[in-house]
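For reference, the structure is listed below as structure tokens.
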Amino acid sequence: PAELADSYDNMLLAHPDGSLIIRTGSRGRMGIVRLNPDQVNSPEILINDDRCCSPVATTQSELIFTTQSSTSPVEIAILDYATKTERLLTHFNQVDNSPLVVNRFTIETPDGFTLDAWFMSAHKTTQPLPTVSIIHGGPHFAYGEVFSLDAHALCAAGFGVLYTNVRGSTGYGDVFAYAAHSNCAEGPASVQLLVIERAIELGLADPDRLGVAGNSYGGYLSAWLVSTTSRFRAAVIENPVTDLVSMYGTSDIGATFFPSQFGGAPHERLDTYYQQSPIMHAHQCTTPCLFVIGENDRRCPPAQAWAMHRALCVKGTTSEVLVLPQSPHEGSTYGPPSGRLAHDNALVDWMTRWLN
């Protein structure tokens, strides 16, 4: 089916009858299909709705899988193949009876792509909310129907949370994923701003109380946005890339990842590396910035954040740095619990300080 085209994932199980149980990924959602290897064009759709599911194990009659959504934490469930009925196997992550409200919408970009967007809030939006736009890492990654502690913490504090999948994200086809190559700054940033403007038009986001946050590539694009626009009143920039040239030699993937993204090493594409480095535009930034860095980050070394922090201090722009001890690159998600808690507290406190 068209909605599953180019969406097969690398997670699969072998059913006793010889068929394959495969996870699909498309537009921020993960479903599950059953596929006969001799009839690859006719998959049986088992799960395909607004959530993210992953197959775990299978018997002749039942599938065990994980399920989560933007409002529901991860649980383990069982699907009966014959009746297509589901039942939860675990209940240890149940939230209260008032899950977040999610407004889903799409926008058309000038270059012909259709983007999904999610606006989350603790209650139905009756007036525009101070809003934090969260940007995912990667850039070859995707946000969508997954549970985010960061988003829930912000919503509990009274903020709206807005996210989308800018060009370069997965789940929208190869052309879209490769559209960020050699244009990982201005192109994705323009799309992010389009989504924000649409949320404002829909009466969801307050145009005068906007924040931006992101980790890794999300930190990079957040740093770019605050250095090239005055749209945001606050930013939380986590484990960012700010200097593409130095990243080539200091990141654990620098010598392979960046040439694949920019068509060559820094000495071959110096203008591209230079122009798309937030540090080269940081002297224009007037947005108060909080940098969050993992002490043991090898992917985006802490010096990347410290460099932009110093540039902002020289300019006189408010800037602070939070270091998470013994924390790796994804420390706010997978690091020591104390660091993860400190991150969420700092994120909420910073946005409360500047947006409210």
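The values are calculated or read from the model by the stated rules, or taken from the named source; none is laboratory data. Here the structure is a predicted model, which means the values were calculated and not measured. All Cβ positions, glycine included, derive from the backbone under ideal geometry; neighbour counts span all protein chains shown. Calculation scope for accessible area: heavy atoms of the full protein, side chains included, ligands and nucleic acids excluded. Shrake-Rupley method; radii C 1.70, N 1.55, O 1.52, S 1.80 Å.
Of the conditions (1) under 22 Å from Thr109 (Cβ atoms); (2) assigned to a strand (DSSP E or B), Leu221 satisfies every one except a single condition; which number is it?
(2)
State all residues of region 183-218 that are of a type outside the set (A, V, I, L, M), farther than 25 Å from Leu149 by Cβ, open to solvent by 10 Å² or more (accessible area, probe 1.4 Å) and in a helix (DSSP H, G or I); if no residue qualifies, say none.
Glu186, Ser190, Glu197, Arg198, Glu201, listed by residue number.
Just give me the residues in region 258-277 being part of a helix (DSSP H, G or I), free of Cβ contacts under 8 Å to residues at least 60 places away in the same chain and surrounded by 15 or more Cβ atoms within 10 Å (Cβ to Cβ), in sequence order.
Phe258, Pro259, Tyr273
Which residue, of Leu149, Leu162, Leu154, is open to solvent by less than 50 Å² (accessible area, probe 1.4 Å) and within 25 Å of Gly31 (Cβ to Cβ)? Let's see the steps before the verdict.
Working: Leu149 fails: open to solvent by less than 50 Å² (accessible area, probe 1.4 Å); Leu154 fails: within 25 Å of Gly31 (Cβ to Cβ).
Answer to the check: Leu162.
Is it the case that some residue within region 104-111 is open to solvent by less than 60 Å² (accessible area, probe 1.4 Å) and under 30 Å from Ala346 (Cα atoms)? Lay out the reasoning, then the answer.
Initial filter on region 104-111 (open to solvent by less than 60 Å² (accessible area, probe 1.4 Å)): 105, 107, 109.
Cutting the leftovers down to under 30 Å from Ala346 (Cα atoms) gives us 105.
The answer is yes; a qualifying residue exists.
Just give me the residues in region 282-317 being touching a Pro at 6+ places or on another chain (Cβ under 8 Å), in contact (Cβ under 8 Å) with a residue 60 or more places away in the chain and more than 12 Å from Asn215 (Cα to Cα), in sequence order.
Gln304, Met308
Could you tell me which numbered condition Gly168 fails, if it satisfies all but one of (1) open to solvent by less than 10 Å² (accessible area, probe 1.4 Å); (2) modelled with pLDDT under 90?
(2)
Can you tell me how many residues within region 297-317 are part of a helix (DSSP H, G or I) and either open to solvent by 50 Å² or more (accessible area, probe 1.4 Å) or of a type outside the set (Gly, Ala, Ser) (or both)? Can you show your working first?
Narrowing region 297-317 to residues part of a helix (DSSP H, G or I): 303-315.
Adding the requirement that they be either open to solvent by 50 Å² or more (accessible area, probe 1.4 Å) or of a type outside the set (Gly, Ala, Ser) (or both) leaves 303-304, 306, 308-310, 312-315.
Within region 297-317, residues that are part of a helix (DSSP H, G or I) and either open to solvent by 50 Å² or more (accessible area, probe 1.4 Å) or of a type outside the set (Gly, Ala, Ser) (or both) number 10.
Please go through region 29-58 and give me each residue that is assigned to a strand (DSSP E or B) and within 18 Å of the chain's Cα centre (by Cα), ordered by number. First the steps, then the outcome.
Going residue by residue through region 29-58, those that are assigned to a strand (DSSP E or B) are 29-35, 44-47, 52-58.
Arg29, Met30, Cys52, Cys53 - these are the residues of region 29-58 that are assigned to a strand (DSSP E or B) and within 18 Å of the chain's Cα centre (by Cα).
Results for (1) open to solvent by 60 Å² or more (accessible area, probe 1.4 Å); (2) touching a residue at least 24 places away in the same chain (Cβ under 8 Å); (3) within 27 Å of Leu204 (Cβ to Cβ), shown as yes or no for each residue.
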residue: Thr24; (1), (2), (3): no, yes, no
residue: Cys52; (1), (2), (3): no, yes, yes
residue: Pro55; (1), (2), (3): no, yes, no
residue: Phe65; (1), (2), (3): no, yes, no
residue: Glu75; (1), (2), (3): no, no, no
residue: Leu88; (1), (2), (3): yes, no, no
residue: Pro99; (1), (2), (3): yes, yes, yes
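Quick check on region 84-114: of everything there that is assigned to a loop (DSSP other than H, G, I, E, B) and in contact with a His (Cβ under 9 Å, 6 or more places away or on another chain), which residue is modelled with the highest pLDDT?
Leu100
Out of the residues in region 115-139 that are part of a strand (DSSP E or B) and among the β-branched types (Val, Ile, Thr), which is farthest from the chain's Cα centre (by Cα)? Break it down into steps so the answer makes sense when it comes.
Initial filter on region 115-139 (part of a strand (DSSP E or B)): 115-121, 129-135.
Imposing the further condition that a residue be among the β-branched types (Val, Ile, Thr) reduces the set to 131-132, 134-135.
Details: Thr131: 16, Val132: 13, Ile134: 7, Ile135: 5 Å.
Once the filter is applied, the top-ranked residue is Thr131.
Looking only at residues that are of a type in the set (A, V, I, L, M), touching a residue at least 12 places away in the same chain (Cβ under 8 Å) and open to solvent by 30 Å² or more (accessible area, probe 1.4 Å) in region 318-345, which one is nearest to Asn296 (Cα to Cα)? Break it down into steps so the answer makes sense when it comes.
Within region 318-345, the first condition is being of a type in the set (A, V, I, L, M), and the residues that meet it are 321-324, 341-342.
Subsequent filtering for residues that are touching a residue at least 12 places away in the same chain (Cβ under 8 Å) retains 321-324, 342.
Next, only the ones that are open to solvent by 30 Å² or more (accessible area, probe 1.4 Å) stay: 321-323, 342.
Working: Val321: 15, Leu322: 13, Val323: 10, Ala342: 16 Å.
In this case the residue turns out to be Val323.
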